[in-house]
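The values are calculated or read from the model by the stated rules, or taken from the named source; none is laboratory data. What you see is a predicted model; the values in this text were computed from it and never measured. As a convention, Cβ positions derive from the backbone with ideal geometry for all residues, glycine included, and neighbour counts pool all protein chains shown.
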Amino acid sequence: MYKQPHDRFVANLDWNLLRTFVVIVEEGGISKAANRLLRGQPAVSLALGRLEAELGCRLIDRGHGTFRLTAKGRKLFQECAEIYTGISRLKEVTYAGANEISGNITICLASHVVTPLLDNLLTSNYRAHPNVSYTIKSMPSEDVVSQVQDKTVSLGICLVNRRRPDLEYENIYREFFGFYCGPPHPLFGKKDLRLGDLRHQDAVSFDTDDLNDALRPVALLRQQNEMAQRIVGHSSQLEELRRMILCGLGIGPLPVHVAERDVKDGLLWRLPPYKNPPEVDIFLVTNPRKAFNRAESTFIEGLKTAIRTTPIAKRTYR
């Protein structure tokens, strides 16, 4: 029987080339991919070249310090994510115990996500389904949403600036941001401060602290109170922002419920506003077009149930 060109391509394709391509993208370069694959750098580079030759297009622009997926490379990576999701389900569908749930759940979240809804679900899900494994990634909120849209993760939990029409959003909790300083700062330990006392003080903040980004309420508070602060440090990670505050680089915003322990331990000092601080909503973000394995579906439904059965007042961390 005559085989169409497409059939020949599928029959002749070396699937290891796709695996190598996925690792190259995940590691962000040939050298790191070679280390992970325990192969020589020339072999990995050759494999990428072979895949591009078989597909007849360039997948990655590289050279002179440049490493960037082309439009076709990005599309292929999305398809590969779907392929490997399917492959990861093979053990699950052939598992002897039909009622046993297994598989991997990849959770992508912003660095300051702290909520008992997620923590309690991780505990109960681990006990109920011990064969499920977990991967948790932390990154800026915008990147979290992109990962969900690309279907490379199971779910995202992050701040949301603008909603994308092809994704689903549920408000998982609401938090409030306060301003803080560390022991070396001249305002540390001072009481009865006013917002005016923060004017012209050097500041540190999140990358998303902007009128056009996810932390708009914090940026708006600064603008409304004419706080002409010089931003001397910024980060997408809460841990690094906390480090800069503790070291006295400047005052900075942190979720009040996250910073509470440091305040009690005398490591951070709360600054105004003490009443009506900026509030920010944190969302569960999912992609309805993704093919979920049973582990992912069970976990996501469990989180959605926790959200819907918990009044917003109990999901508001003051």
Going through Arg164, Arg127 one at a time, which residue ends up being farther than 16 Å from Asn293 by Cβ and under 23 Å from the mean Cα position of the chain (by Cα)? Arg164
Qualifying position, being farther than 27 Å from Tyr134 by Cβ, in a loop (DSSP other than H, G, I, E, B), in contact with a Ser or Thr (Cβ under 9 Å, 6 or more places away or on another chain) and among the charged types (D, E, K, R), among Asp213, Asp209: Asp213
Residue that is surrounded by the most Cβ atoms within 10 Å (Cβ to Cβ) [pool: residues in region 177-205 that are among the acidic types (Asp, Glu) and part of a loop (DSSP other than H, G, I, E, B)]: Asp202
Mind listing just one residue for me: the one in region 304-318 that is of a type in the set (Val, Ile, Thr) and not in a helix (DSSP H, G or I) and, of those, farthest from the chain's Cα centre (by Cα)? Thr310
Among the candidates Arg270, Arg243, which residue alone is assigned to a strand (DSSP E or B), at pLDDT 95 or above and over 19 Å from Leu159 (Cβ atoms)? Arg270
Quick one: in region 300-318, of everything that is assigned by TED's automatic domain parsing to the domain that holds Ile107 and touching a helix residue (DSSP H, G or I) at 6+ places or on another chain (Cβ under 6 Å), which residue is surrounded by the fewest Cβ atoms within 10 Å (Cβ to Cβ)? Gly302
